[in-house]
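Inspection log for the structure reproduced underneath, given as structure tokens.
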Amino acid sequence: MNIWVTMVAAGLITYMMRVFFIVLVGRKEIPNNIRMGLQFVPPAVLTAIIVPEVLYSDSVMQLTIKNYRLIAAVLACIVAWKTKNAILTVVVGMLVLLILQMLSN
């Protein structure tokens, strides 16, 4: 039951934050320098989420060939750079990780 209360509360808080800013900022013009800065928020958030998951294992940085997440992430980055296709990037990254993990067992 606690997990449901937590999930509903988190959803409501997220919704209220968005509504608050839409109502607050929706009537005002956002300065150009802030608008330009906001463009960097999604890549920064994604980087903050993905990089620790890729580079760290058991709180230790793993920059070795045995770090299958790092190999999959590098290949996914190459696919993203070459194709600019998000779905293909995710599929390639997940398949590479799955194959490397299956081969190691």
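Coordinate-derived values only; no laboratory data. Note that the coordinates shown come from a computational prediction; the quantities given were computed from them, not determined experimentally. Every residue, glycine among them, receives a Cβ derived from its backbone with ideal geometry; neighbour counts consider all protein chains shown.
Scanning the stretch 89-105 for residues that are in a helix (DSSP H, G or I) and exposed (fewer than 12 other Cβ atoms within 10 Å of the Cβ) yields a count of 3. Of all residues in the stretch 34-57, those that are more than 8 Å from the chain's Cα centre (by Cα), within 18 Å of Ile71 (Cα to Cα) and of a type outside the set (Asp, Glu) total 6. The requirement of being within 24 Å of Gln101 (Cβ to Cβ), in contact with a Gly (Cβ under 7 Å, 6 or more places away or on another chain) and either hydroxyl-bearing (Ser, Thr, Tyr) or surrounded by 10 or more Cβ atoms within 10 Å (Cβ to Cβ) (or both) is not satisfied by Ala80.
Within the stretch 77-88, being out of contact with any Leu (no Cβ under 9 Å at 6 or more places or on another chain) and part of a helix (DSSP H, G or I) holds for Cys77, Ile78, Trp81, Lys82, Thr83, Ala86, Ile87, Leu88.
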